[in-house]
1. Among the residues of the stretch 178-190, write down those that are outside any helix (DSSP H, G or I) and either among the basic types (K, R) or modelled with pLDDT of 80 or more (or both).
2. I want to confirm something. Restricting to the stretch 44-98 and keeping residues that are outside any helix (DSSP H, G or I) and assigned by TED's automatic domain parsing to the domain that holds R120, which single residue is farthest from F133 (Cα to Cα)?
3. Taking into account only those residues within the stretch 99-144 that are among the β-branched types (V, I, T) and part of a helix (DSSP H, G or I), which is farthest from G88 (Cα to Cα)?
4. Pairs under 9 Å by beta carbon, first residue at negative phi and acidic (D, E) in the stretch 139-159, partner at pLDDT below 90 and in a helix (DSSP H, G or I), six or more apart or different chains?
5. Which of (1) closer than 19 Å to L74 by Cα; (2) in the same structural domain as L74 (by TED's automatic domain parsing); (3) of a type outside the set (D, E, K, R) is the odd one out, the single condition H125 does not satisfy?
6. Which condition from (1) of a type outside the set (A, V, I, L, M); (2) surrounded by 13 or more Cβ atoms within 10 Å (Cβ to Cβ); (3) modelled with pLDDT of 90 or more is the one that C44 breaks?
7. Kindly indicate whether any position in the stretch 100-109 is touching a strand residue (DSSP E or B) at 6+ places or on another chain (Cβ under 7 Å) and surrounded by 12 or more Cβ atoms within 10 Å (Cβ to Cβ).
8. Checking the condition at pLDDT 90 or above and within 30 Å of E174 (Cβ to Cβ), which residue from A121, A116, A86 passes?
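The values are calculated or read from the model by the stated rules, or taken from the named source; none is laboratory data. The shown structure was predicted, so the numbers you read here are calculated from the model rather than taken from an experiment. With ideal geometry, Cβ positions are generated from the backbone for all residues, glycine too; neighbour counts draw on all protein chains shown.
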Amino acid sequence: MPISAAAVDALAASLGIRAQICFSLARFYIPRQILKDQIIRRGCDVDLPELIRGVNRRLEQMLEAELKPRSMSLLQYRVLESLTEADGLAMGDLATRLFVDGPTLTKIIDRMVESAQVYRAPDSHDRRRVLIFLSQRGAAQFRNIGPLIKSVQQDVLDRLDASEAAALTNLLSELLSDRVGPHPYLDRGA
């Protein structure tokens with residue numbers, strides 16, 4: 001028999017804040033009945049990395065569904081988004097922002113240069129460095145698709161109330177902080 005959303009929420013509330021965060025993540029990924037069974041058996045000892053991967057994958061699938069008809073990959077969109085926020089980034093800085101390694105980013109940038117979404121230019125302060133800039137075409141593409149992608153992301157966040165979203169954001173930010181350890185892509189010399 002399926003469990004109601006209210007029953008799952010009541011169970012989470014009775015287990016404390018950490019359980020509530022687990023539930024916040026799990027709502028995106030694990031069907032409620034499976035989640036209820038795991039909580040009853042193990043408390044909030046659900047596999048947090050698996051929940052994070054599942055939520056990330058579900059969000060990526062939703063975004064890719066919007067991007068694919070526009071002939072754009074999720075990483076290409078993220079490059080445009082990063083360059084909109086800070087134009088003229090070195091490859092290493094861009095790789096760090098995107099959580100990708102150098103060779104993967106090089107392939108993406110090569111394709112984007114070929115399609116005139118971005119361009120490479122020497123750093124005006126250090127001619128040995130090459131920076132990646134957003135082209136007019138790339139900026140126009142981002143302006144057209146950015147609001148749609150933000151809407152998809154907001155639809156996901158709307159499944160949480162404001163305090164849950166804030167708590168989840170804080171916890172995930174803490175997991176990404178340097179206090180946990182360096183990000184593996186930062187050590188690859190991207």
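1. Looking only at the stretch 178-190, we keep the residues that are outside any helix (DSSP H, G or I), and these are 178-183, 189-190.
Of everything in the stretch 178-190, just one residue is outside any helix (DSSP H, G or I) and either among the basic types (K, R) or modelled with pLDDT of 80 or more (or both), namely R179.
2. From the stretch 44-98, those outside any helix (DSSP H, G or I) are 44-47, 71-73, 86-90; that's our starting set.
Now restrict to residues that are assigned by TED's automatic domain parsing to the domain that holds R120: 71-73, 86-90.
On the way: S71: 20, M72: 18, S73: 18, A86: 9, D87: 5, G88: 5, L89: 7, A90: 9 Å.
My answer is S71.
3. Residue satisfying both the conditions and the ranking: T104.
4. D158/A165
5. It fails just one condition, (1).
6. (3)
7. Yes, there is a match, as at least one residue in the stretch 100-109 is touching a strand residue (DSSP E or B) at 6+ places or on another chain (Cβ under 7 Å) and surrounded by 12 or more Cβ atoms within 10 Å (Cβ to Cβ).
8. Sole residue among the options that is at pLDDT 90 or above and within 30 Å of E174 (Cβ to Cβ): A86.
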